[in-house]
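Here is the structure we will look at, set down as structure tokens.
The values are calculated or read from the model by the stated rules, or taken from the named source; none is laboratory data. Only a predicted model underlies this, so the values are computations on that prediction, with no experimental measurement involved. Positions of Cβ are backbone-derived with ideal geometry, glycine not excepted, and every protein chain shown enters the neighbour counts.
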Amino acid sequence: MFSKIITGAVALSAVAMVAAVPAQAQSFPKKNITFLIAYGPGGGFDTITRKLAPFLKKHLGGKVNIVPKNLPGGRGKKAAAFLAKRKADGSHIMMFNMPGHAMPNIIGEEAGYDVRKMDWLGRVAQFRYIIVVSAKKSKYQTIQDVLKAKSQIKIPITGPGTTGYLASAILWNALGVKPKYITGYKSSSRYSLGVIRGDGDLTILAKGSFKKYVSSKKKKQAAFKDLKPILEITNGKSEFGVPTTGEMGQKDLAILGGDRIIGTTPGTPKAIKDRLAKAVWDSVNDPEFVAWGKKVGRPVAPLNSEDATKLVGTLYSYYIQYKDVLAASNKKTR
């Protein structure tokens, strides 16, 4: 008799737990959600995060606010570590710079988080890079000028913990160039300005970020008044009429770029994670957000939670092959 009572109690408990999961999802969110931005104002992450926030509010029911919060520092590590230590209740989310945010984990640097343990909600966008120089001050007018340079190439950039830095290190290693990185810039807009005013020779920039410097939709040579592209990282046709890494026989470099993937604190209950993931998917696919991305040259590239999680694993596996190159480059900036 006692056994039957226990068995019945366990069964009732299991039913209650199953019933509680949907209820947990339905009641979420009850309070504002902080949308962390790992970099300073004005850059691509700041722009997209602030644009996406109202859509997340809408697709989470519109009862709470999604509050963007800049938390720059440590080359993006500060915000990621902060997120990892929050209570796993879905109250904090962040758009990660992948694979940039993976670099501390790859080279064995203390980070306060591990990208392999984050709860991933979905991808917002994907981007690829171009190499740019100052259209007025640079002594390097072509990629061949750079490859033939006898002096060390100076590259303004945020720092070793960013996707642009990883891509630069792998790219220049493959092309046999040993650059000197000038770090400390808080966003791509800041280091782009650094190149324009002559702080360094060239830098790497996401194509979407570069387009705001193009003065004509025709993208002809005359349109490049501040920054001029000299190399595009792609195996396809160049969008700007410059040489590509594929044409240079470096087809494996086409993966170099970035994925903007939203994550939340590890250990977030599945019901809450699924609710957030659905809101991310619906927001990124919202026609209004898609139209905005197309208009400003930042097209969306949505992936659901499961596929985004797999992508993080794939990127980690690729970049860890260059652990020694990345670690050596990291030391040179210190």
* To do: Quick one: in segment 141-185, of everything that is surrounded by 24 or more Cβ atoms within 10 Å (Cβ to Cβ) and among the β-branched types (Val, Ile, Thr), which residue is farthest from Gly246 (Cα to Cα)?
  => Thr158
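Considering only residues that are out of contact with any Phe, Trp or Tyr (no Cβ under 8 Å at 6 or more places or on another chain) and either under 26 Å from Gly258 (Cα atoms) or hydrophobic (A, V, I, L, M, F, W, C) (or both), which ones fall in segment 127-137? Give the derivation first.
Going through segment 127-137, the residues out of contact with any Phe, Trp or Tyr (no Cβ under 8 Å at 6 or more places or on another chain) turn out to be 127-129, 131, 134, 136-137.
Of everything in segment 127-137, those that are out of contact with any Phe, Trp or Tyr (no Cβ under 8 Å at 6 or more places or on another chain) and either under 26 Å from Gly258 (Cα atoms) or hydrophobic (A, V, I, L, M, F, W, C) (or both) turn out to be Phe127, Arg128, Tyr129, Ile131, Ser134.
Residues that are of a type in the set (Lys, Arg): which helices (runs of 4 or more DSSP H) entirely in segment 103-216 hold 1 or more of them?
On the way: elements: 103-107, 143-148, 163-174, 188-197, 207-210.
Output list reads 143-148, 188-197, 207-210.
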* Structure fact -> Filtering segment 102-119 down to residues that are in contact with a Lys or Arg (Cβ under 9 Å, 6 or more places away or on another chain) and closer than 18 Å to Asp307 by Cβ yields Ala102, Asp119
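Kindly indicate whether Ile106 is under 16 Å from Thr265 (Cβ atoms) and either surrounded by fewer than 24 Cβ atoms within 10 Å (Cβ to Cβ) or touching a Phe, Trp or Tyr at 6+ places or on another chain (Cβ under 7 Å) (or both).
no
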* **Scan of segment 191-238 for residues that are within 24 Å of the chain's Cα centre (by Cα) and at pLDDT below 90, ordered by number** => Ala206, Lys207, Gly208, Ser209, Phe210, Lys211, Lys212, Tyr213, Val214
* To do: Inspect segment 83-98 for any residue being at pLDDT below 95 and within 15 Å of Thr163 (Cα to Cα) and give the result as yes or no.
  => yes
* Could you list, in sequence order, all residues of segment 63-79 that are assigned to a helix (DSSP H, G or I), without any contact (Cβ under 8 Å) to a residue 60 or more places away in the chain and farther than 21 Å from Lys51 by Cβ? => Lys78
